[in-house]
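S.K.: What follows is a structure written as structure tokens; I'll ask about it next.
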Amino acid sequence: MIIRKKTNTLALLFAWRGTIFPKVLPAMLLLSSVSLLLGIGAHNHWFHLPTPPVVGFTIFGIVLSLFLGFRNNASYDRWWEGRKLWGQLIATQRHLIRESQILPNARRELILRQVIVFTHLLRDRLRYQTAHPELFLEYGQMQADQIEAFATHINPPQYALEHIQYDLIQAHRQQEISDITYTHLSAHINTLGMIQAGCDRIASTPVPFAYSVLLHRAIHSFCIMLPFGLEAALGLWTPLMVAWLVYMFLGLDMLSAQLEDPFGRQDNNLPLDSLVRLVEREILTALNVAQVPPALQPHNGHSARKRVYTFSGCLNIPPLRPAL
């Protein structure tokens with residue numbers, strides 16, 4: 001995710017890193033070059049091309065703008081809903097930190113450390129990446145057979161919640177907590193399950209493919225027709241106008257594609273690594289751990305990203321979407 005102050009207007013105008021501009025630039029240069037060649041050819045009477053009807057060209061642009069606005073609103077709603085779900089996750093783990101103080105220290109530490117495991121596993125599941133066994137050895141305090149069970153489970157975050165729920169049941173059976181306390185603590189575990197279900201729904205349900213393809217083709221067709229539709233009216237100014245229109249239309253299309261999957265690792269996706277580290281720090285601080293990992297700091301205007309484990313021995317997180 002991009003983290004940058006917006007007080008400097010000049011810096012925003014000339015921003016490069018993290019913007020859509022580098023991805024749109026090749027199309028801008030290509031279509032602007034076509035516009036320039038058409039303008040030079042028409043000026044020197046090398047050829048004559050019929051101009052598309054202005055009325056049809058204008059109606060096409062208006063309809064395309066409406067559909068593009070709808071696509072961007074839908075993508076932003078998915079991005080914002082994902083951020084609200086992770087904000088609710090942080091609030092829920094804070095409730096657990098406070099209300100779990102009624103538990104014996106050993107039981108409380110085990111449950112809170114498993115909340116850290118759940119948060120890591122949820123992040124990895126949403127990003128289709130792997131979790132390293134050291135995560136379970138350090139925070140989960142698990143044996144080899146338990147780690148293997150996580151590796152083969154179809155839904156590792158859900159399996160982590162089952163472990164937490166089991167520990168609460170054991171605390172209730174051993175009369176460490178009352179029925180009312182068990183109900184309150186169990187409600188927070190249910191909330192974590194609902195948060196995972198909401199994130200899975202976003203990650204596994206993209207914008208309908210046929211709609212995305214239709215809009216993508218319409219935008220590119222419109223941008224290709226721009227030089228032919230504007231050359232007769234603008235002349236040598238056509239390349240500049242085409243470049244700006246291509247930047248707006250293709251830029252909005254690419255930006256909406258990034259926001260559609262809010263849990264990815266692109267520039268405008270949610271900073272899940274920073275949110276997971278925040279959960280780690282708050283829980284370990286509550287447990288009075290001596291060495292608390294530092295907060296992830298932004299680098300070059302971007303939220304910090306942790307290394308992804310991809311070598312052998314990692315736990316394979318089952319994908320949310322079926323292979324095509």
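The values are calculated or read from the model by the stated rules, or taken from the named source; none is laboratory data. Because the structure is predicted, anything quoted here is derived from the model rather than measured. Please note: Cβ atoms are built from the backbone with ideal geometry, for glycine as well, and neighbour counts cover all protein chains shown. Each accessible area value is taken on the protein alone, full model and side chains, heavy atoms only, with ligands, DNA and RNA left out. Shrake-Rupley method; radii C 1.70, N 1.55, O 1.52, S 1.80 Å.
S.K.: Please work out which residue is surrounded by the most Cβ atoms within 10 Å (Cβ to Cβ), limiting yourself to segment 273-298 and to residues that are within 29 Å of Pro104 (Cβ to Cβ) and of a type in the set (S, T, N, Q).
M.R.: Thr285
S.K.: Would you check if Leu12 is part of a helix (DSSP H, G or I), at pLDDT below 80, open to solvent by 60 Å² or more (accessible area, probe 1.4 Å) and within 22 Å of Pro271 (Cα to Cα)?
M.R.: Yes.
S.K.: So which pairs qualify, if the first residue must be in segment 64-92 and over 22 Å from Leu122 (Cβ atoms), the second must be not in a helix (DSSP H, G or I) and not aromatic (Phe, Trp, Tyr), the Cβ gap must be under 7 Å, and the two must be at least 6 apart or on different chains?
M.R.: Short answer, once both residue conditions are applied: Ala74/Val207.
S.K.: Is there a residue being within 25 Å of the chain's Cα centre (by Cα), among the hydrophobic types (A, V, I, L, M, F, W, C) and either modelled with pLDDT under 95 or open to solvent by less than 70 Å² (accessible area, probe 1.4 Å) (or both) anywhere in segment 94-116?
M.R.: yes
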